[in-house]
Amino acid sequence: MAAWTDISGIKERIAASSAEEVTASYLETIGKSRINGFTTVWDRALEVARGIDKDGSSGLLAGVPIAIKENISTAGLSTTCSSRILQGYVPPYDAHVIEKLKAAGAVILGKTNMDEFAMGTSTESSYYGPTLNPWDTGRVPGGSSGGSAAVVAAGEVPVSLGSDTGGSVRCPAAFCGVVGLKPTYGAVSRYGLISYANSLEQIGPMATTVTDIALLMDVIGGHDRRDSTSIKRENRYTDALKDDVKGLKIGVPEEYLGEGIDENVEKTVWDAIGKYEDMGASWKKVSLPHTKYALASYYIIAMSEASSNLARFDGTRYGLRVEGDNWHIMASKTRAQGFGEEVKRRILLGTYALSAGYHDKYYLKALKVRTLVKQDFDRALADVDVLMAPTMPTPAFKIGEKINDPLSLYLADVNTVPVNLAGVPSISVPCGFTGGLPVGLQIIGRHFDENTILRAAYSFEQNTGHHTKRPGEVA
Amino acid sequence: MVYDNPDGVRIGLEVHVQLNKLNTKLFCGCSTDYHDDEPNTHVCPVCLGLPGSLPVINEKAVDFAMKIGLALNCEIVGQTQFHRKNYYYPDLPKGFQTTQYDYPIASRGKVIIEGEDGERVIGVTRAHMEEDPGRLQHIGSIEKSKGTFINYNRSGMTLIEIVSDPDMRSPKEARRYLDKLRSILDYLDVFNGDLEGAMRVDANVSVFGGDRVEVKNISSFKGAERALLYEIMRQKNHIRRGGKIVLETRHFDEARGVTISMRTKEEEHDYRYFPEPDLVPMRVADRVPDILKTLPELPDAKRERFNSQYGIADMHARALTIQIKVADFYEEVALKADPKDAAVWVADILKGELNYRDLDVDAFRMEDIVEIISLVKQDRITEQSGVQIIRTILDEGGRPQDIVVSKGLLKVEDDIVAKAVEEAIAESPEAVTDYLAGKEKSLNFIVGKVMQKTKGRADAREAREKVLAGINK
Ligand SMILES: [Zn+2]
């Protein structure tokens, strides 16, 4: 596995050589990859890096290579959501975050693998085949942003962007031993992010250090008038990078521990909380009483929105088209052959939940539960500064272990989806290992209070060494 | 006289109005000025529904919608809310239409029309905003089409759907309602009704308290009247033959003037409405006072003012206030001419001539009608000549004074000469006798007298001919 280098390390390397050389060395690493993290490598990456060498860009990310999840639109670069139905689709426009990255001088190396349309927790449902976990290639990298996490963990790129609808940044970050942030709903523009469940998802950065996460947020965060749900609010995320948690009040939700949580994962998380205590923070147990309904509410809302969001893929304008005698036959053949099993399952379930006669029983009820879940967080976070819990109930599972049992896969999201229902920010940081596999600590904060969770995460990183461990270095 | 509605007809109308006077579309910055342009040239990721694109509400469209709601005496909702109406159709790029569902921007209004038996109030159930789909263009006829093009220039245009209560009792009342609606919209300056697809009508109609039938694809007001006449007759005949009317949707075939069944209630779509997550609710209630201030004087109020201010007949006031352009034109004329004369000339004569030529009042200069009215008033031309001048201006152009000369319409010249000739002959019995006796020269005496009387304005040769004609009468 290649060495991990953070953004400041990349800048040193560029200063010593050139952006072109740095990009070339990453492209070489990617060329030798065995984890299937990248779906497409951008053929213009070197050219862009050369341009930066020539013009001496002063952007925050000048010359820094980055990988982008398959569901974030990149002009001129295939964006398929790892689905057959979008084969051949090349967006004519850049997502807001891509515009920002380009303006900051970042060099996009390519697109990364994901669960088809972000519907999954393992990156196994991709049209391009599964991505392998660099820590154990017999295991999944998590999902749905499995590609974005795995390529960072494998040293194929220093930083990447994923998207998080119900844990899709935090889960693979935990499974791959990297840092991943799900920003507050509205903190990052979704313009150009291909919707799975629009009321839940955010684009989020992935990196090997909290510092890099904050740097990326300084670039991609902020208001965009093209996304009506993005908030007019300025924030400097790098201001949060202080090693200081004295007096920080930590809440540990009792519903996020115990039953269903791997013993060793739970122990690793308690160790981390103990470390915080040593560092001057205090903790107490808190309750998020509606957690047990969150998963059901989440899946009903996500699938309902998905059933509508994915209606546009009909073979008429772009992507796959399977010909038929008339438009309706063409559209249904295209959808039948273009979507994978899990996507079809969710479209059908979502359509059902929104149908006349079931709408109130499922969709409307799910919305009410969502309000209750949100109130749980408001109440708990009025009392403590942050919440801490295991990101995932288990370490990375084996490829093929759960793919034929959708319910057990859905259950893996139990600690991540309530955060999306509530819209609050949450970060997953490496906090130790079990059986040679990384464990993620989830730190949840108040709406738009990313800086507190970033400070907590940064302090942990400064006082521990988990984030420096690379695949192959842990027995 | 009370209209007793013998067939128990109830008609409700759903009118789609395209707010084509907005500069940009409902959810994107694309220009609305596409009518003369190539297909698919006014499009962007948003109105093409490309993956990842997001809608942003056009605030001015909301203002226009509120303006319409208030002009229709509606209540305005506290905050806007959009829903997705899910169905598959090739002209619908996202696979759903963004529209309003249980929180329409305006509801519970009314429109007053001239009904079968006097003034009638038609309830407005609701007026809501939605996006227009693209447009399908079939190669050849729809049945035998070899293929279809989709033009997305129209996709994302702002529509207001105005839904009436089933308060109309005849196709004539339906027509009056449509005319009134168009008149109000015209006053608000929110759309150009002359552009293709600017107003589209669906009608719901029932007879004898039976189930309603929805008639779609009506493309003109005249078409609406025809479709309704046909559909009422069809329903009555069907019942007379022992049939039962069922809830269904029918398609109006404009060319054949008939309605054809499309689908029955069982085949109705389940649109699976749910709130559009990409648009946050926008509070609009606070804007009502400001919007009210921008509302112009509306047709009913203007008509009443015309009655009282100018003392003109109600029939004229009504005709003059249908189109705001005509009303403004009239008021300018009324400043410079007698308002009652002006009403007759503008409402009865000029409007008729413009209608006949399918022209707008813009096609006529206000000063020209003022001059014509004044020429008639001064008795310098006849009313008939006035009409002739209007027609000449519309058909050939020119100004009244030139047309009067070129067409020889000046009543004054002819009359003076004729009168002088008559007098001169009467005053010169001897000269007449001499002339008749063969003394040609005595004619000069009479012509001289005519020239004297007309102070030389008459043409001598013409005067001579007229004197001759007078003597030989
Ligand atoms: Zn557009």
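Of the helices (runs of 4 or more DSSP H) lying entirely inside segment B:367-473, those containing at least 3 residues that are over 34 Å from the mean Cα position of the chain (by Cα) span B:411-427, B:429-436, B:442-453, B:460-471. Residues that are touching a Phe, Trp or Tyr at 6+ places or on another chain (Cβ under 9 Å), of a type outside the set (A, V, I, L, M) and not in a loop (DSSP other than H, G, I, E, B) were ranked within segment A:409-432; the one that is surrounded by the most Cβ atoms within 10 Å (Cβ to Cβ) is A:Pro418. Output the residues belonging to segment B:182-202 that are within 11 Å of B:Phe221 (Cα to Cα) and among the hydrophobic types (A, V, I, L, M, F, W, C). Result: B:Met199, B:Val201.
Out of A:Ala382, A:Ala311, one residue alone is crowded, with 21+ Cβ neighbours inside 10 Å and free of Cβ contacts under 8 Å to residues at least 12 places away in the same chain. It is A:Ala311. Anything in segment A:368-390 that is within 14 Å of chain B (Cβ to nearest Cβ) and either over 19 Å from A:Tyr196 (Cα atoms) or touching a strand residue (DSSP E or B) at 6+ places or on another chain (Cβ under 9 Å) (or both)? List them, or say none. Across segment A:368-390, the qualifying residues are A:Lys368, A:Thr371.
I need the strands (runs of 3 or more DSSP E) fully contained in segment A:142-233, keeping only those with at least 2 residues that are touching a Pro at 6+ places or on another chain (Cβ under 9 Å) and within 14 Å of chain B (Cβ to nearest Cβ).
Fully inside segment A:142-233 and qualifying: A:202-207.
Taking residues in segment B:13-39 that are within 14 Å of another protein chain (Cβ to nearest Cβ), and partners anywhere that are part of a strand (DSSP E or B) and within 15 Å of the ligand (Cβ to nearest atom), the pairs with Cβ atoms closer than 6 Å and at least 6 places apart or on different chains are B:Leu26/B:Glu131; B:Leu26/B:Thr158; B:Pro39/B:Asn151. The residues of segment A:58-86 that are among the β-branched types (Val, Ile, Thr) and either part of a strand (DSSP E or B) or within 13 Å of another protein chain (Cβ to nearest Cβ) (or both), listed by number, are A:Ile66, A:Ile68, A:Ile72, A:Thr74, A:Thr79, A:Thr80, A:Ile85.
Yes or no, residue by residue, for (1) closer than 30 Å to B:Gln79 by Cβ; (2) at pLDDT 95 or above:
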residue: B:Arg283; (1), (2): yes, no
residue: B:Asp290; (1), (2): yes, yes
residue: B:Pro299; (1), (2): no, yes
residue: B:Ala317; (1), (2): no, yes
residue: B:Trp345; (1), (2): no, yes
residue: B:Arg357; (1), (2): no, no
residue: B:Lys377; (1), (2): no, no
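Are any residues in segment B:332-366 outside any helix (DSSP H, G or I) and over 19 Å from B:Gln378 (Cβ atoms), and if so, which ones? Residues satisfying the conditions are B:Arg357, B:Asp358, B:Leu359, B:Asp360, B:Phe364, B:Arg365. Residues in segment A:98-132 that are assigned to a strand (DSSP E or B) and touching a helix residue (DSSP H, G or I) at 6+ places or on another chain (Cβ under 6 Å): A:Val107, A:Leu109, A:Thr112.
Can you confirm whether B:Asp4 is more than 16 Å from the ligand (Cβ to nearest atom) and surrounded by fewer than 17 Cβ atoms within 10 Å (Cβ to Cβ)? Spell out the reasoning first.
Numbers: more than 16 Å from the ligand (Cβ to nearest atom): yes; surrounded by fewer than 17 Cβ atoms within 10 Å (Cβ to Cβ): yes.
Yes, satisfied.
Mind telling me which of the residues A:Tyr458, A:Tyr410 ends up being over 28 Å from A:Arg346 (Cα atoms) and of a type in the set (Ser, Thr, Tyr)?
Values: A:Tyr410 fails: over 28 Å from A:Arg346 (Cα atoms).
Every option except A:Tyr458 fails the conditions.
Please tell me if A:Glu255 is within 14 Å of chain B (Cβ to nearest Cβ), assigned to a helix (DSSP H, G or I) and under 28 Å from A:Leu367 (Cβ atoms). If you could, list the steps in order and put the result at the bottom.
Details: within 14 Å of chain B (Cβ to nearest Cβ): no; assigned to a helix (DSSP H, G or I): yes; under 28 Å from A:Leu367 (Cβ atoms): yes.
Answer is no for this residue.
Looking across segment B:247-269, the residues that are at pLDDT 90 or above and surrounded by 14 or more Cβ atoms within 10 Å (Cβ to Cβ) come down to B:Leu247, B:Glu248, B:Thr249, B:Arg250, B:His251, B:Phe252, B:Val258, B:Thr259.
Does B:Ala285 satisfy the condition of being over 22 Å from B:Ile112 (Cα atoms), surrounded by fewer than 14 Cβ atoms within 10 Å (Cβ to Cβ) and of a type in the set (Gly, Ala, Ser)? Break it down into steps so the answer makes sense when it comes.
Details: over 22 Å from B:Ile112 (Cα atoms): yes; surrounded by fewer than 14 Cβ atoms within 10 Å (Cβ to Cβ): yes; of a type in the set (Gly, Ala, Ser): yes.
So B:Ala285 fits the description; yes.
Filtering segment A:175-225 to residues that are touching a Cys at 6+ places or on another chain (Cβ under 9 Å) and small (Gly, Ala, Ser) leaves only A:Gly180.
Listed here are the residues, each with its yes/no results for (1) more than 14 Å from chain B (Cβ to nearest Cβ); (2) farther than 18 Å from B:Gly95 by Cβ.
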{"site": "A:Ser287", "(1), (2)": "yes, yes"}
{"site": "A:Asn309", "(1), (2)": "no, no"}
{"site": "A:Phe313", "(1), (2)": "no, no"}
{"site": "A:Lys333", "(1), (2)": "no, no"}
{"site": "A:Gln337", "(1), (2)": "yes, no"}
{"site": "A:Lys344", "(1), (2)": "yes, no"}
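Just to be sure, is A:Val48 closer than 16 Å to A:Thr23 by Cα and either outside the structural domain of A:Ala302 (by TED's automatic domain parsing) or not in a loop (DSSP other than H, G, I, E, B) (or both)? Lay out the reasoning, then the answer.
Numbers: closer than 16 Å to A:Thr23 by Cα: yes; either outside the structural domain of A:Ala302 (by TED's automatic domain parsing) or not in a loop (DSSP other than H, G, I, E, B) (or both): yes.
Yes, satisfied.
Is segment A:135-158 home to any residue that is basic (Lys, Arg) and surrounded by fewer than 24 Cβ atoms within 10 Å (Cβ to Cβ)? Even if it seems obvious, please write down each step before you answer.
Residues of segment A:135-158 basic (Lys, Arg): A:139.
Then keep just the ones that are surrounded by fewer than 24 Cβ atoms within 10 Å (Cβ to Cβ); that gives A:139.
Yes, because at least one residue in segment A:135-158 is basic (Lys, Arg) and surrounded by fewer than 24 Cβ atoms within 10 Å (Cβ to Cβ).
Remark: pairs (first residue in segment A:87-110, within 14 Å of chain B (Cβ to nearest Cβ); second residue part of a helix (DSSP H, G or I); Cβ separation under 6 Å; 6+ apart in sequence or on different chains) = A:Val97/A:Ile220. When the residues of segment B:338-390 are filtered to those that are more than 20 Å from B:Ala313 (Cβ to Cβ) and in contact with an Asp or Glu (Cβ under 6 Å, 6 or more places away or on another chain), which remaining residue is surrounded by the fewest Cβ atoms within 10 Å (Cβ to Cβ)? Among those residues, the one meeting the criterion is B:Met366.
The values are calculated or read from the model by the stated rules, or taken from the named source; none is laboratory data. These figures come from a predicted structure and were not determined experimentally. Backbone-built Cβ (ideal geometry, glycine too); neighbour counts: all protein chains shown.
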